[in-house]
Structure formats: structure tokens, C-alpha cells
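Structure first, commentary second.
What follows is calculated from the coordinates using simple rules that are stated; it is not laboratory data. Everything numeric in this text was worked out from a predicted model, so none of it was measured. Glycine also receives a Cβ, built like all others from the backbone with ideal geometry; neighbour counts cover every protein chain displayed.
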Amino acid sequence: MTTKLEALRSEPPSLAREGVAFEGVGRHYSSRRGDTAALEDLDLRIGNDEVVSVVGPSGCGKSTLLELAAGLQEPDSGAVRVAGSGAPAGRLERTAYMPQRDGLLPWRSALDNAALALECGGVGRAQARRRARPLFARLGLERFERALPGELSGGMRQRVAFARTLLAGREVLLLDEPFASLDSITRAGLQEWLAAILAEEPRTVLLVTHDVEEALYLGDRVVVLSARPGRVVAEIAVELRRPRPRRDVVTDPAFSALRQRALEALAW
Amino acid sequence: MVRRFGPSLALLLAALGAWQGVASLAAVDDLTLASPLEAAGALRADWTLLMENAWITLVETLLGLAIAVVGGALAAVAMHLVRPLRDAAYPLLVASQAIPLVVLAPLFVLAFDYGIGPKLAIVALICFFPITVNLLDGLRSVEPELIKLMRSLGASRLMTLRKVELPASLPSLFSGLRVAASVSVIGAVFGEWAGAEAGLGRLVLLGNNQLQTPRVYAGVVLLTVMALALFAAVSLAERAAVPWKRHGGAT
């Protein structure tokens, strides 16, 4: 196993060309009111080091999509592979999942919350802390190492949660509406922050969001899902150069055109 | 402190005043109702005797409570980890609360003899339920998202229990402990009533039979103080063990 620091410096090891693949995936939920199809016949491929944003109306199965990739759920039909592995254990090992709410433990300091990712891999507390520290510095979090989550702002909490996701040292990052709970100014700041990190160290990322602008700004490609059952209705390649200063990008006519396309696909 | 407990103190003093007034009426027999002053007098006069017996009751209470904490925590964790066990045991646990423990006390004396055994059994039985049920509820109410996160990070079931579920349910455990602490003294008194050679409960029962009403009241005051002290001790322990609650963080 590579240490987390090496994994951060160099590109993640690529076991196959494809990062994540959904092939004809269907997922249904049974409840007392009957059978609900969350996803139906969904095809989606994410290449290595590609950032794919998924947007769709609420309840279109976006979170189901992430949990399938994470190995936390199994498809009813079709197949989900991550770096070539279709087995749930293989997907669990290759992905780092960032839940919608930050999921920080209130009794752990910010640093210890991030280091939890290493502790779960069997690393001792002191060693995990030592290994988490350089990343904290790189992400601009060093002043908050000892702060408890209750003392941090929403934006800082998301940063700590993202540090934990990176420290898991996985090939694929699965982000479930990471900035949904933040006010729009903080959200814009964090989008730029994340874009800068990904520009420095490309990763395979599946980002689920309901914010079209966020999807376009962060993604290499934007996938639009239909209302339930979720199906791919449009794929939009975002050919804007990186790094993208957010202010320049969102006012760019090319960006507006892409946003128009995405919104039309959503309305469709 | 004054702002928090001031109104309660004022109400208590008013009640004591009223009690003193009623007890002082010529129509009220001294044996029926001892006045607060008489109770205070007995507290002073019988101090050594009361303290010796209070110590015995305190030991019974603390040991019984300790047994309940260990047993309750183990039971809650086992029921949490083994779903069929929870389904089987939970209804029985709730039903067990319908058994009047007071009537069990003499049976325990038959079974365990006159020693400390039956007292510990009663205290532990009374305290077991609030501790087990509160801790179990705490373990169950951990956000599913956190459990998913731990699974995704590669944590084992026991690691999730140790690093997430147990710390997250500490506040629930302490709610259970607070209830247990306040009823534990009652349990010790029941145990002593069923048969004992010493203890505050026995002293109160004996005093009642011997028409030493002021001493009975003095004993009751001491038992109340004991329960309040236990409650306060649990609250202090909670502040030390759950410091993040003061920041209002989510669990």
C-alpha cells in the first residue's frame, strides 16, 4: 500500500483506463406504497482523473448513484465497476465517499476527524495525526487543527471533511452535494478551493450536485439525469481551460451557453 | 448558582415554614408529625448513629449502581450488535418493569439471606432498565450517514462501535444514569425493609415502629441528600465526559 503522502504527491495508481463504469444499472426500492425505480438502465463512464458532475432534479437517484459506486449498495440489474472491480468490497476499497453533511465527529478535533480516515485503515492515533498534518497545511487548515467541529464555520467543516476524504487515499472521490449546506458566498469560495486542489492533483471524481453552475465550474463533463427513474438525458463536455478563476468563468459567454444547454436538458 | 437554585430554595423554605407552623398547632400530635426543628434536633442528637447507617446504605447503593452500569452497558451493546437478541429481549425488558420490585425484595432476602446481596440485587434491578434502554436508544440513533461513512473508510463493525457509536451515545447513557442515580437510593431502602441488620432504611423503619418520629424525618432528609448528591455527581461526570455538548455540536 502506498502511504497517503505519496498518494497525494503522485498521481493515483491507475489499474485500468476507466475510473468508474455504470452499465445498464437499475435500482429499485420497495416500500409499502409499492416499487419505486430510482435508476433505470443507466450508462455512465468516468475516465481516470476525470471530474464528472451529475445534476438532476431532486429525487432522481443521485445519491443512489454515489452509494452504488461506493460499494454501499448493489444494483438490481446491470453492473458497476470501479477501476475494473465489480465486487462490493473492491468498490469500497477504491473509493472515498464524502457524505452530504460533513459527518464530522463532534468530540474529535478537526485534525483527528481527518485522521479518522487513516485510523480506520489500521493506523495508530499518533501516527495518523502525524500523517494528516502536512495535508492540513496544504489545504490551509493548519490554524484549525485543534478546533472542535462545533467551533468551526460551515465552510471550514466541509474543508475538514474533504481533507478526511483525501486522506483515505483512494483512487476515486465520491462527493455528495459537498457544498449544498453553505451560503452562496462561502460556496463560491469552496468551489474555487476545490478546483485549485484538483488542478494541482488530478483525481477521478464523481460529484453530485443540484447546482448547474457548480457542476459546470468543477466538472470536465456534466451529466444531466432525468427525473425518477434517473437516466442520462444529456452529457455536456466542459472545454474551459484550467485553472478557472471563478469570476472569469461564470461571466464567460461560452459558460453561459453551456449553462443554457444544461438547464434545457434539465427542463426536458 | 443563586439565580438557578434561588427560586427552588425559596419554595423549600416556604414549605418548611408551613410545615413548622402546622406541626406547632396544638391539635397536631408530636408523634404524628415532627416539626422541621425537631427533625433537625434528631439529626444533631443521633448524628453518629445516622452516619454509621448512612454509610452502609451508601455502599449498597453505589455497589448496586456499579453492577447495573456494567451489566446494563454490556446488555445494551450486545442487543445493539445482535439484532435477533434485541428483538427477543427488548419486549421482555419493558415487561419486566411491570414487576413490582418492592414485593420481590423479601424473595431476594429468602434467596440471598440477610447480607448485602439482596440489597445489591434490588438496586441493580431498579437501575438496570434506565441505563440499558437509554444506552440502546443512543446507540440506535446514530446517523445512518455516519455508519455509511465508517464502512466506506474501511472500519470494522467493532471499530465503528468504539470510535463512533459509543462516544455518540454517551449523552444518552448519562440521561439513563441520572434516572438510575435518583432511584438507586429507593432500591437500597426497599432492600433494607425486607430484612437487614443495619442501614438508613432499616433505621427509618425501626424508628417508625418505635414512634421516634423526629429520627424518621432525619433519616428521610439524609436519604434525600444522598440521592441528590448522586444525581449531582452524575451531572458533573457528564460535563467532564461529554465536553463537546457545550459547543452544541450534532451527534
For the protein assembly as shown, what is the number of Lys pairs with C-alpha distance below 23 angstrom, counting only pairs 8 or more positions apart or on separate chains?
5
DSSP bridge pairs, segment A:4-267: antiparallel proportion in percent, nearest 5:
50
In segment A:229-268, GluC sites (Glu not before Pro) in a DSSP loop with at most 16 other beta-carbon atoms within 10 Å:
A:Glu239
Could you work out how far apart the two model spin labels at A:Ala126 and B:Leu63 are, taking each label as a point 7 Å from the Cα in the direction of the beta carbon, and quote it in nm?
4.0
Please get the size of the charge dipole for segment A:4-267, origin at its Cα centre, with Cβ charges of +1 on Lys and Arg and -1 on Asp and Glu, quoted in debye to the nearest 20.
840
Rounded to the nearest 500, the 222 nm mean residue ellipticity computed for chain B from DSSP H runs (n ≥ 4, each -39500 (n - 2.57)) alone is -26000 deg cm²/dmol
Could you tell me the distance between the Cα centroids of segment B:56-93 and segment A:120-137, to the nearest Å?
36
